[in-house]
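In what follows, a structure is listed as structure tokens, so that the remarks can point back to it.
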Amino acid sequence: MARSTSLRLGTASDRPLYRQVVDRLRREIAGKEPGERIESEPRLTKRFGVSRFTITRAIEILVDEGLVNRRQGLGSFVAAPALKRAPAYLLSFTEAVAAAGRSGSHRVLAFGPTPWRESLPYPEDEPLLALDRLRLVDRAPTAIHRSVISAALAERIGITAEVAARPEFSLYRLFDAAGLPAARGVENLRARAATPEEADLLRLNDDDQRVVMSVRRRTFADDGTILDVVDAVYDARRYSYEAEILRDRVSVSNILSRKPTEQHDASNLDARRDFGPRLGPWGRVDGRGG
């Protein structure tokens, strides 16, 4: 059935036609469910009375904003809302998803001993255990979490492959039950290209979608015990980070007076002083996580 001409755009407006299409579609998407198909580009072209190029450009903007996903050969669909992280609160993935009113689940990819490497904050002779999981939000692959914990701590909290595979499993809950609640964490974030394995697991089908947000978090108990180190990889279209950044002259002076080569032990960081944007790395970036 033909659409009413009232949907046609205002050619006398100073706002470009493709932006007017974006505005209209944003409002419509707000009333749709994640995964719901939006009209095809030919139908939108006819409906709005504009060129196919204008519609394609509008859809590309919505994809960049994380509101729409394109599936090759199938069309365009409403994307699931981004998992918003507020750094003032230390939340597990399960808690962050629940706080967003979504349903979280996981699939164990690997569980077992893992070798020490220099980037891990454990003694070289410390036996370590790795837990790799694919994390899903509303059944859509959203993140890959690769956690490393001390084998002794794993035994203390009672984690096994069977326990990790349970639908209700939460690593933070096991820490809580063992009397070692997570007290604080230190995170480093950077955007990078997805590896082929990551692109496959997260269903990043198109080359222009193969961007991920890489997050390394070290979590500590109140007494400074390292609970875990997790290298998390998120579909960048479904991840946003919100931060309140404060400035005072004393802190700025202290930061500027430091030597560039000074390193800070993560267990001794002062959150009021050391957290905020970081520039770098300045060397070669090869697209893989640390």
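Annotations for the structure displayed:
- For region 31-47, the tally of residues that are modelled with pLDDT under 90 and more than 19 Å from Ala140 (Cα to Cα) stands at 1.
- All positions within region 202-242 that are open to solvent by 30 Å² or more (accessible area, probe 1.4 Å) and of a type in the set (A, V, I, L, M): Val211, Met213, Ile226, Ala236
- Against the criterion of being part of a strand (DSSP E or B), more than 15 Å from Ser105 (Cα to Cα) and out of contact with any Leu (no Cβ under 7 Å at 6 or more places or on another chain), Ala199 does not qualify.
- Verdict on Thr54 being among the hydroxyl-bearing types (Ser, Thr, Tyr), open to solvent by less than 30 Å² (accessible area, probe 1.4 Å) and touching a Leu at 6+ places or on another chain (Cβ under 7 Å): yes
- Restricting region 69-84 to residues that are open to solvent by less than 20 Å² (accessible area, probe 1.4 Å) and in a strand (DSSP E or B), the residue that is modelled with the lowest pLDDT is Leu83.
- Yes/no for Leu129 being part of a loop (DSSP other than H, G, I, E, B), buried (at least 18 other Cβ atoms within 10 Å of the Cβ) and of a type outside the set (Asp, Glu): no
- Residue that is of a type outside the set (S, T, N, Q) and closer than 19 Å to Asp176 by Cα, where the choices are Arg135, Arg156: Arg156
- Any hit, region 101-119, residues being out of contact with any strand residue (DSSP E or B) (no Cβ under 7 Å at 6 or more places or on another chain), surrounded by 12 or more Cβ atoms within 10 Å (Cβ to Cβ) and in a strand (DSSP E or B): no
- Meets criteria (more than 12 Å from the chain's Cα centre (by Cα) and touching a residue at least 60 places away in the same chain (Cβ under 8 Å)) for Ala177: no
- Identity of the residue in region 35-51, open to solvent by less than 50 Å² (accessible area, probe 1.4 Å) and assigned to a loop (DSSP other than H, G, I, E, B), that ends up nearest to Tyr18 (Cα to Cα): Val50
- Ser170 vs. criteria modelled with pLDDT of 95 or more, in contact with an Asp or Glu (Cβ under 9 Å, 6 or more places away or on another chain) and either open to solvent by 20 Å² or more (accessible area, probe 1.4 Å) or more than 20 Å from Arg237 (Cβ to Cβ) (or both): no
The values are calculated or read from the model by the stated rules, or taken from the named source; none is laboratory data. Just so you know, these numbers come straight off a predicted model, no measurement behind them. Every residue, glycine as well, gets a Cβ built from its backbone with ideal geometry; the counts of neighbours run over all protein chains shown. Each accessible area value is taken on the protein alone, full model and side chains, heavy atoms only, with ligands, DNA and RNA left out. Shrake-Rupley method; radii C 1.70, N 1.55, O 1.52, S 1.80 Å.
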